[in-house]
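What follows is a set of notes on a single structure, which appears directly below.
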Amino acid sequence: MDNISMVTLVLLVINGLVTYQGLNDFNFFNKYCFSINQINRGEKYRFLTAGFLHVDWMHFIFNMMTLYFFADTIVSVVGVFYFLVIYLVSLLVGNVLTYQFYKHVPFYRAVGASGAIMGVLYASIMLNPDMVLGLYFIIPIPAYLFAVGYLLYSLYGLQKNNDSIGHSAHIGGALAGLLLIILKFPILVQLEYRLIAILLIPVIILVVMYKKNKIG
């Protein structure tokens with residue numbers, strides 16, 4: 001990627017500045033992170049602000065590398081405005097889904113742009129499901145297999161709830177990115193109906209998990 005778009009650069013910088021401030025100022029981090037307890041008290045802005053904080057620099061680097069590699073693919077196809085719609089809506093949907101699963105867990109906290117990043121990544125996959133992704137940036141895997149496999153892995157992680165990964169944000173962001181790119185290009189329903197049908201399976205599992213409250 002020779003020329004990074006301005007919108008991607010701005011997002012990288014904003015994430016970097018907010019993360020830097022959060023890692024160096026506990027009060028700042030505590031004020032803007034995703035906190036069930038504080039959201040239940042009315043601080044709804046945390047649904048957005050938590051998406052620009054990261055728990056450490058490795059978390060930040062991993063998210064921003066994914067953004068760097070895939071953002072401009074979306075920007076070049078849908079333009080800056082709709083790219084921002086995908087980014088921000090995916091971020092919010094990821095955090096709203098997290099809230100729905102953990103709203104009765106008052107001390108649950110989270111940060112990260114993962115919902116937004118997954119939205120961008122899955123929108124890219126839907127546009128080009130045959131591209132090869134580098135799992136952990138190393139292991140080559142067809143994009144469509146990654147799309148299905150990662151959603152199933154995230155559902156498993158959400159059900160087990162025994163790590164510090166925000167699986168619900170990943171799932172919500174990914175599904176938002178998929179839906180938004182399909183709304184932008186309805187022809188994808190005809191072109192990629194098999195992949196969409198397969199991806200509906202994790203969605204159905206998610207709905208069942210939510211109704212049964214099967215986390216933890």
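The values are calculated or read from the model by the stated rules, or taken from the named source; none is laboratory data. This structure is a prediction, so every number in the text was calculated from the model and none was measured. Because the Cβ atoms are built from the backbone with ideal geometry, glycine has one as well, and the counts that use them run over all protein chains shown. In case anyone asks, the SASA skips ligands and DNA or RNA and just uses the protein heavy atoms, side chains included. Shrake-Rupley method; radii C 1.70, N 1.55, O 1.52, S 1.80 Å.
In Å², and per residue, what accessible area does the chain have when probed at 1.4 Å with the other protein chains present? Show your work: numbers first, answer last.
On the way: 11170 Å² over 216 residues.
Value returned for the chain: 52 Å² of accessible area per residue.
Let me check something: with ligands and nucleic acids excluded, how do 64, 131 order by accessible area (1.4 Å probe), largest to smallest? It would help to have the intermediate numbers written out before the result.
Numbers: 64 10, 131 40 Å².
If we order 64, 131 from most to least accessible, we get 131, 64.
Taking only C-alpha pairs under 8 Å that are 6+ residues apart, what is the relative contact order of the chain in percent? Please list the in-between numbers first.
Values: 300 pairs, mean separation 46.8, N = 216.
Relative contact order for the chain comes out at 22 percent.
Rounded to the nearest Å, what's the spacing between the alpha carbon centres of region 71-116 and region 38-54? Just the number, please.
12 Å
Kirkwood hydrodynamic radius, region 90-216, all distinct C-alpha pairs: what's the number in Å? If you can, show how the numbers build up before the last one.
Values: mean 1/r = 0.0673 Å⁻¹.
Result for region 90-216 stands at 14.8 Å.
Apply the Kirkwood formula to region 145-212: the hydrodynamic radius equals the inverse of the mean of 1/r over all pairs of different alpha-carbon atoms; give it in Å with one decimal.
12.7 Å
In a Gaussian network model over the chain where Cα atoms closer than 10 Å are linked, find which of 202, 142, 129 has the largest mean-square fluctuation.
142
Build a GNM of the chain with springs between Cα atoms under 10 Å: which of 124, 90, 76 gets the top mean-square fluctuation?
Checking each option, the largest mean-square fluctuation is seen for 76.
So which lysines pass the test for residue 44, namely a Cα distance under 19 Å, with those fewer than 8 places away in the same chain ruled out?
Leaving aside lysines fewer than 8 places away in the same chain, those within reach of residue 44 are 31, 103.
Can you tell me how much longer the chain between residue 185 and residue 159 gets when fully stretched, taken as 0.36 nm per residue apart minus their C-alpha distance, in nm with one decimal? Don't skip to the answer; put the middle values down first.
Details: separation 26, 0.36 × 26 = 9.36 nm, distance 3.27 nm.
Going from the current span to full extension adds 6.1 nm.
Among (1) 22; (2) 34; (3) 31, only one was calculated for this model; which label is it, if the read-out is percent of Cα pairs over 29 Å apart?
(1)
Using only helices, what value at 222 nm comes out for the chain when you add -39,500 (n - 2.57) per DSSP H run of length 4 or more and divide by the total residues, to the nearest 500 deg cm²/dmol?
Numbers: 10 runs with 155 residues, N = 216.
My calculation for the chain gives -23500 deg cm²/dmol from helical runs alone.
Round to the nearest 0.05 the FRET efficiency obtained for residue 27 and residue 138 when R0 = 41 Å and r is the Cβ-Cβ distance. Intermediate values should be presented prior to the final figure.
Details: r = 38 Å, r/R0 = 0.94.
Result of the calculation: an efficiency of 0.60.
Computing the accessible area with a 1.4 Å probe over protein heavy atoms, can you report the carbon and sulfur percentage for the chain? Walk me through the numbers on the way to the answer.
Details: 7530 of 11170 Å².
Solvent-exposed carbon and sulfur of the chain make up 67 percent of the total.
Just to verify a number: FRET efficiency for residue 61 and residue 148, C-beta to C-beta distance, R0 = 25 Å, to 0.05?
Calculated transfer efficiency: 0.45.
For a protection proxy built on the mean count of beta-carbon atoms within 10 angstrom, sort 13-24, 45-56, 184-195 highest first, please.
Numbers: 13-24: 16.1, 45-56: 20.2, 184-195: 13.1.
Going from most to least packed, we get 45-56, 13-24, 184-195.
Just subtract the alpha-carbon distance of residue 80 and residue 128 from 0.36 nm times their residue separation and send over the number in nm, one decimal. Provide the component values of the computation, followed by the final result.
Working: separation 48, 0.36 × 48 = 17.28 nm, distance 1.91 nm.
Result for the pair: 15.4 nm of gain on full extension.
Specify the residue with the greatest mean-square fluctuation among 26, 101, 83, computed from a Gaussian network of the chain linking alpha-carbon atoms under 10 Å apart.
With Cα springs under 10 Å in the chain, the top fluctuation among 26, 101, 83 is at 26.
Search the structure for amide H atoms under 5 Å from the amide H of residue 131, placed 1.01 Å from N in the peptide plane, and list their residues when 5 or more places away or on another chain.
143
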